[in-house]
Amino acid sequence: MVRSRKEDLLNTKKQRLEIRKVDNNALRQGIGKLIRSPNGRWDEKKKKVSTRNKGKSNVAIKNKGEASANNKSRNTETPRTQRKVEPLEIVREYDRNLLFEANRDDNALTLSLWDFGGQKVFYSMHHIFMTATGMYLVIFDMRELFQESKKDESLKYMSFWLKSIKLHAPTAPLLIVGTFLHDVHSKEQLKAIENMLKGFPETLFTQLVHNEEADLLFFPIDNKENLGVAKLRKCIEGVVREDESVLQEVPIKWLVFLDEILNRRKTESYLTLRAVKQLAADIGITSAAEQEKALQMFHEKGMLIHLTSTAALNDIVTIKPQWLIDNISNVIRDDSIHMFDITELKKMELLEEVETMFSRAVASRDVLEYVWKEDEIEFFVDLMKRTLLMSDWSFGGEENRFLIPSLLNKVYDIGEIEKGIRCVFDFSDSFLPNGVFERLLCLCVAHSTSPRSAYAKQGYSAKEPKLYKNFCTIEFGPDNTIRLHVDEDSDTLSCCMENLKSAERNLAIISSMIQKLNTDVMGTGLKWTVLLEDPSNGKLISHEDAFQKRLSPWFQEKNAKEVGTSGKTQNSQGLDIESFLDQL
């Protein structure tokens, strides 16, 4: 009977069962929330919300000023005790319990709640965790919009998050939630907030969910008085149920496979690919192609993180996203050196190295080995280099060092316009998110020191660049120094160069770099126009007009191509950095 039962289970046709994004404990156990604890670390708590229909969604929340609307959920549930069983018993228990529960709780709805940290240092990691498969809530403190000292900052803050979600998850449902309704409750005040929000072009997003009952663009709530919370939950539930991606047909074996992976979360933060494939084989998924397809789905749905662009990344399957956050934030952080154990650093003779990391944004291999475990360092170095959060640094004969631009803290005072001819990349019609300039610095440094460049092969070594949070001076070859400047207020990146003979090539290089980080990191969401300086009068004209006029020095070659505008540079998506640099 056991054998027949197993065969019946594994041969069952694909059933309409959900794949649900979960937090770092167990599947089907309620809403998870990531919160920032007083000690600066990210902790996790779970709460259960009773609902009726079955579905899936990931709800990402940016919370400012008040706890999440779901904090009042009281029906907590301890994850079911899980025990190690043989493959046959897994199937038997799955048949007897999980499928039974799925049938019995056919109207259940399980959500996973993620709270994104408000610290700017984490903004550069959004692309890793923001996906189109979730829904997003931007939460703001309504009281701040009536305080002159905080109003502008609060509106700017909301605008940033709306733009960031638009960039990384352009089709995902989006709700705007205002807190402290008990203090801001009059119709006049709510209408005033409505008018402020209408000033955001981001509120014209087709995926913005309106508060139709109150005829508002946002949902006013209050946790303490429990005002508007039930209405918000009902709306979230309704949006989730209308999402066609909620239900997906998957083989039952895949769900067993997923359960086995997530069961390891109790004791492990990640698994090697070999271990994951063994789990798959143990339950009957022996085809490598099917194993990879299942992992790809689990990654896309956010249940785990599996990056495959390099061998080191491919070998690690992250089953606790928190593990990634903790380890990356050990390097990319707002905190100073005092967050480290100074006594321990002195004992290990690393104090000077750590001080250099914070003063120059250059980290040694020894420091990274101190921060990350020995068997994990290759994974994290590859991850940060692949996502352009880090670049090799070999100026002045330095070896085993890495530039981490997010640690740059000195701001350069631009003053008067510097000498040279300019090209400007204007993102003002859309959005220039945090992290673009830092990633551009990584690519520029990699190009400047590439051992395979024509100049390097001739024995030329570039001078060490001058780097600031908003500015850099860097060599692209002999007598070819460029200056880059980012202006967050105008959403522009400017490039200035004195060597006119190199202007055309430098334009093509910087354009290709921006396109590279757009496709590899920003999900092709960046939109920009290119303006070029006319040397005859110093005015900026559009790239298209300059190309039509074959304006010198930007278009000197007979076979000059129209490059530099969004979507018109060469396709470098998926190329490793070395191969990309070889194309420049």
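About its Cα centre, what dipole magnitude does segment 317-446 give when the only charges are +1 on Lys and Arg Cβ and -1 on Asp and Glu Cβ, stated in debye to the nearest 20? Intermediate results must be reported in sequence, preceding the final value.
Working: 14 positive and 25 negative charges, 65 e Å.
The dipole of segment 317-446 has a size of about 320 debye.
Normalised per residue, the accessible area of segment 480-534 is 33 Å², obtained with a 1.4 Å probe and no contribution from ligands, DNA or RNA.
The residues of segment 191-296 present an accessible area of 50 Å² per residue when probed at 1.4 Å with all protein chains retained. Of the residues 313, 332, 297, the one whose Cα sits farthest toward the positive end of the charge dipole of segment 294-336, with +1 on the Cβ of Lys and Arg and -1 on the Cβ of Asp and Glu, is 297. Under a model in which nothing but the beta-carbon of Lys, Arg (+1) and Asp, Glu (-1) is charged, segment 382-461 shows a dipole of about 300 debye around its Cα centre.
Computed over the Cα atoms of segment 120-277, what is the ratio Rg over Rh, Rh following Kirkwood?
Details: Rg = 19.3 Å, Rh = 18.2 Å.
Expressed as Rg/Rh, it is 1.06.
Which pairs, out of 419/549; 266/301; 277/516; 253/301; 156/539, put more than 29 Å between their alpha-carbon atoms? Long pairs (Cα-Cα over 29 Å): 277/516; 156/539. Remark: relative contact order (segment 316-470) = 23 percent; criterion is Cα-Cα distance under 8 angstrom and separation of 6 or more residues.
A 1.4 Å probe, protein heavy atoms only, puts the accessible area of residue 388 near 10 Å².
The values are calculated or read from the model by the stated rules, or taken from the named source; none is laboratory data. Remember, predicted model here, so these are calculated numbers, not experimental data. Backbone-built Cβ (ideal geometry, glycine too); neighbour counts: all protein chains shown. All accessible areas refer to the heavy atoms of the entire protein, side chains included, with ligands and DNA or RNA removed. Shrake-Rupley method; radii C 1.70, N 1.55, O 1.52, S 1.80 Å.
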